[in-house]
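Enquirer: I have a structure I would like to understand better, so I am pasting it below and will then ask my questions one at a time.
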Amino acid sequence: MYDRSHLEAKRPNRENAMNTDYDVVIIGGGITGTAILYAFAEFTTIPRIALIEKESGVAQLNSNTRHNSQTLHSGEIEAHFSPEKALAARDGAHLVRQYLARYAPHAGKRVQKMMLAVGERECEALEWRYRRIRAEFPHLTVLKRDEILDVEPNVVFGRDPDEKIFALFYRDGRAVDYHALSESFVHEAAKARPGIDVWMNTAACAVTRDGAHFRIATDQGIFSCTVVIVACGPQSLLFAHSIGYAKDFALLPVAGGFYTTPATLNGKVYTMQYLGIPFAAVHGDPVVHDPTITRWGPTAWAIPLLERGRASTLFDFLRSRLISVRGLAALVTILGRGETMRFALCNAGYHIPVMGKRLFLRAARKIVPLLRYSDLRFAHGEGGIRPQLIDCRARKFVEGQGTIEGDRIRFHVTPASGASSCLATAFDDAQWIAQQCSGAFPFDEKKFHDAFGLNDQAA
């Protein structure tokens, strides 16, 4: 492990933060914001960089280990990813894997991953998907019933012998503690550029344009800068709205929840989820730091809060434009699609007292047929908020990374699996800032490629 004293270096107060000038300010200290901080410090020449975070430490909300699935999504077993999105996920995950190996082995754990198809229809769909992606994922293994028994015996025990099952298997997946990874990004950024400032307990209240600069009003004073990166999850859209961007977008906050059982699986086991729904179906995961527990979920249901358990964010939700004629019309259209409505109703059922647990057990038994009602425990206090963007004009969900771009300002509204692509996002931002500032802050792409083995990979 490493010294965390750099996280305590800035104790902001109104006197020392007032009129603080920077070249770049990053708002948000989750996994995306800290990855961007690291990339800017290590691979650009930006002299004055600051990160502002309203919590007392980095990765306290959705990037907290208890609030996400702890998975490095690399595209092999995510059946709700299109083949194109699967390739992008593979490339983004490669960067995180390389970083973990080099700087933060304590934040990752090797774990096998499986995509399980059950029944004739699902098996045909998964076989078709495999034919489409196998050239790009040569490490994938096809498993039939006897081979599944060898690697995940509880998936086969107790199952009807006439029920067809089929799986894609990847032995070298990763589970990730994204909180520890975020801390590592800040640590390495401080080593690469000792002059960077990390301001904790500093809440950004407003961003305004002042000629060639931006002014960021915080509860600790005013920050001035040339470029702003806003990476604070659902709040990013509110900042975009406040200065005139993304007027056609609204936000649906989707809360995740988990159940736990004693260790039941040897690795991650996903079930089939069809294209068009940007949420994974129920799956089982080993907990990254506790091999005695298997965590099941996430369940998904919409709530009128932008931060879990913080009633004050109801007012922020009301400003997110979902509760408007256009927002509600878009939501009704989306829910009117059969698959989406079925998914929403099914997940709503999981939260009905007593009966919800029985409904969830039926879903989990698709993976482990002999799972018992008494095995399941609801994981209180676990699960974050997924900020699902809605395009009100097109009346559809925005799938994947939600990035809104302006003149020298960028907003990242990062849904799952934004954590897995955090370094890919940082790479894009470093390229973008070099272009926006006419080469004043060049990005050393060769150094980046060398650091993450991309040149070797291309060769």
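The values are calculated or read from the model by the stated rules, or taken from the named source; none is laboratory data. Predicted, not measured: the structure shown is a model, and the values here were computed from it. Ideal geometry is used to build each Cβ from the backbone, glycine not excepted, and the neighbour counts take in all protein chains shown.
Enquirer: Does segment 407-415 include one or more residues that are buried (at least 17 other Cβ atoms within 10 Å of the Cβ) and either among the acidic types (D, E) or more than 30 Å from D316 (Cβ to Cβ) (or both)?
Expert: Within segment 407-415, not a single residue is buried (at least 17 other Cβ atoms within 10 Å of the Cβ) and either among the acidic types (D, E) or more than 30 Å from D316 (Cβ to Cβ) (or both).
Enquirer: Is it the case that segment 141-154 has a residue that's buried (at least 18 other Cβ atoms within 10 Å of the Cβ) and either in contact with a Pro (Cβ under 7 Å, 6 or more places away or on another chain) or on the phi > 0 side of the Ramachandran plot (or both)?
Expert: no
Enquirer: Surrounded by 12 or more Cβ atoms within 10 Å (Cβ to Cβ) and either closer than 15 Å to N266 by Cβ or touching an Asp or Glu at 6+ places or on another chain (Cβ under 6 Å) (or both): is that true of E122 in this structure? Break it down stepwise before answering.
Expert: Values: surrounded by 12 or more Cβ atoms within 10 Å (Cβ to Cβ): yes; either closer than 15 Å to N266 by Cβ or touching an Asp or Glu at 6+ places or on another chain (Cβ under 6 Å) (or both): no.
For E122, the condition - surrounded by 12 or more Cβ atoms within 10 Å (Cβ to Cβ) and either closer than 15 Å to N266 by Cβ or touching an Asp or Glu at 6+ places or on another chain (Cβ under 6 Å) (or both) - is not met.
Enquirer: Mind listing just one residue for me: the one in segment 358-396 that is assigned to a strand (DSSP E or B) and in contact with a Phe, Trp or Tyr (Cβ under 9 Å, 6 or more places away or on another chain) and, of those, farthest from R145 (Cα to Cα)?
Expert: Here the answer is D391.
Enquirer: Go through segment 311-361 and report how many residues are loosely packed, with under 14 Cβ neighbours inside 10 Å and closer than 30 Å to R159 by Cβ.
Expert: The total comes to 10.
Enquirer: Going through V198, V111, V142, V96 one at a time, which residue ends up being assigned to a strand (DSSP E or B), in contact (Cβ under 8 Å) with a residue 24 or more places away in the chain and under 30 Å from D23 (Cα atoms)? Even if it seems obvious, please write down each step before you answer.
Expert: Numbers: V111 fails: under 30 Å from D23 (Cα atoms); V142 fails: under 30 Å from D23 (Cα atoms); V96 fails: assigned to a strand (DSSP E or B).
After ruling out the rest, the residue left standing is V198.
Enquirer: Right, next: Those residues that are among the charged types (D, E, K, R) and out of contact with any strand residue (DSSP E or B) (no Cβ under 8 Å at 6 or more places or on another chain), I need them from segment 334-379; list them, please.
Expert: So in segment 334-379, the residues among the charged types (D, E, K, R) come out as 337, 339, 342, 357-358, 362, 365-366, 372, 375, 377.
Listed by number, the residues that qualify are R337, E339, R342, R358, R362, R365, R372.
Enquirer: Further question on the same structure: Got a sec? Which of A59, A41 is surrounded by fewer than 24 Cβ atoms within 10 Å (Cβ to Cβ), in contact with a helix residue (DSSP H, G or I) (Cβ under 6 Å, 6 or more places away or on another chain), in contact (Cβ under 8 Å) with a residue 60 or more places away in the chain and not in a strand (DSSP E or B)? Lay out the reasoning, then the answer.
Expert: On the way: A59 fails: surrounded by fewer than 24 Cβ atoms within 10 Å (Cβ to Cβ).
Criteria check complete, one pass: A41.
Enquirer: Restricting to segment 214-228, what's the tally of residues that are crowded, with 24+ Cβ neighbours inside 10 Å and over 18 Å from N201 (Cα atoms)?
Expert: Qualifying residue count, segment 214-228: 2.
Enquirer: So I293 passes all but one of these: (1) under 28 Å from A107 (Cβ atoms); (2) in contact with a helix residue (DSSP H, G or I) (Cβ under 7 Å, 6 or more places away or on another chain); (3) not aromatic (F, W, Y). Which condition number does it fail?
Expert: It is condition (2) that I293 fails.
Enquirer: Restricting to segment 78-132, give me the number of residues that are in contact with a Pro (Cβ under 9 Å, 6 or more places away or on another chain) and within 28 Å of P291 (Cα to Cα).
Expert: To start, the set of residues in segment 78-132 that are in contact with a Pro (Cβ under 9 Å, 6 or more places away or on another chain) comprises 80, 109, 111, 129, 132.
Narrowing further to those that are within 28 Å of P291 (Cα to Cα): 80, 109, 111.
Qualifying residue count, segment 78-132: 3.
Enquirer: Still on this structure: From the list R131, R171, R159, which residue is surrounded by 14 or more Cβ atoms within 10 Å (Cβ to Cβ) and either touching a helix residue (DSSP H, G or I) at 6+ places or on another chain (Cβ under 7 Å) or outside any strand (DSSP E or B) (or both)?
Expert: R159
Enquirer: Still on this structure, I have one more. Could you look through segment 65-78, keep only residues that are at pLDDT 85 or above and part of a loop (DSSP other than H, G, I, E, B), and pick out the one that is nearest to D285 (Cα to Cα)?
Expert: Filtering segment 65-78 for residues that are at pLDDT 85 or above and part of a loop (DSSP other than H, G, I, E, B), the one nearest to D285 (Cα to Cα) comes out as Q70.
Enquirer: Sticking with this structure for a sec: With H106, H80 as the choices, which residue is within 24 Å of the chain's Cα centre (by Cα), surrounded by fewer than 22 Cβ atoms within 10 Å (Cβ to Cβ) and under 30 Å from D162 (Cα atoms)? Spell out how you get there, then give the answer.
Expert: Details: H106 fails: under 30 Å from D162 (Cα atoms).
Going through H106, H80 in turn, just one is within 24 Å of the chain's Cα centre (by Cα), surrounded by fewer than 22 Cβ atoms within 10 Å (Cβ to Cβ) and under 30 Å from D162 (Cα atoms): H80.
Enquirer: Let me ask something else. Residues of segment 281-328 being more than 23 Å from the chain's Cα centre (by Cα), among the aliphatic types (A, V, I, L, M) and assigned to a loop (DSSP other than H, G, I, E, B), which ones?
Expert: Within segment 281-328, just I323 meets the criteria.
Enquirer: In addition: Considering (1) in a helix (DSSP H, G or I); (2) over 16 Å from V176 (Cβ atoms), say which one F81 fails and leave the rest.
Expert: The failed condition is (1).
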